[in-house]
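Novice: Could you have a look at this structure, given as structure tokens, before my questions?
No lab work stands behind these numbers, since they all come straight from the coordinates. Quick caveat: nothing in here was measured; it's all calculated off a predicted structure. Cβ coordinates were reconstructed from backbone atoms using ideal geometry, including for glycine residues, and neighbour counts include every protein chain displayed.
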Amino acid sequence: MSRRTENRFREREVSRALKAARKAHAEVDRVEIDPVSGKIAVILAKPEAMRESAAAAKQWLDATEAIAKSKKAPRRSAPTRR
């Protein structure tokens, strides 16, 4: 039985790379890891894809806000005390 080789990267290193990309407001497309050298490459989404996803998110947000406004009941005024 062959021995298992040692990993050249750690999961926390991948997590740090993804966290840094999110902190920079970059949209991650995929992560590539070279098991031989341990090289971690974070591939970012193309700017066009980011614009499209941002537009879709804005459209979704606008639709949910419109639904929320239509479901709100009119506020009643508080009764006056004498």
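Novice: Could you give the length gained by full extension between K19 and E32, i.e. 0.36 nm per residue of separation minus their alpha carbon distance, to one decimal place? Don't jump to the answer; show the numbers that get you there.
Specialist: Details: separation 13, 0.36 × 13 = 4.68 nm, distance 1.54 nm.
Fully extending the segment from K19 to E32 adds 3.1 nm.
Novice: Let me confirm the definition first: pairs of Lys residues in region 11-70, 8 or more apart or on different chains, C-alpha distance under 22 Å. How many are there? Walk me through the numbers on the way to the answer.
Specialist: Working: K19/K39; K19/K46; K23/K39; K23/K46; K23/K58; K46/K58; K58/K69.
Counting lysine pairs in region 11-70 gives 7.
Novice: Shifting gears a bit: In nm, give the distance between the simple-model label positions of V42 and R3, each being 7 Å from the Cα along the Cα-to-Cβ direction.
Specialist: Placing both labels 7 Å along Cα→Cβ, they lie 3.4 nm apart.
Novice: Here's a follow-up. Can you give me the three principal axis dimensions of region 11-70 from its C-alpha atoms, in Å, biggest first?
Specialist: Taking max minus min along each principal axis of the Cα atoms, region 11-70 gives 57, 23, 17 Å.
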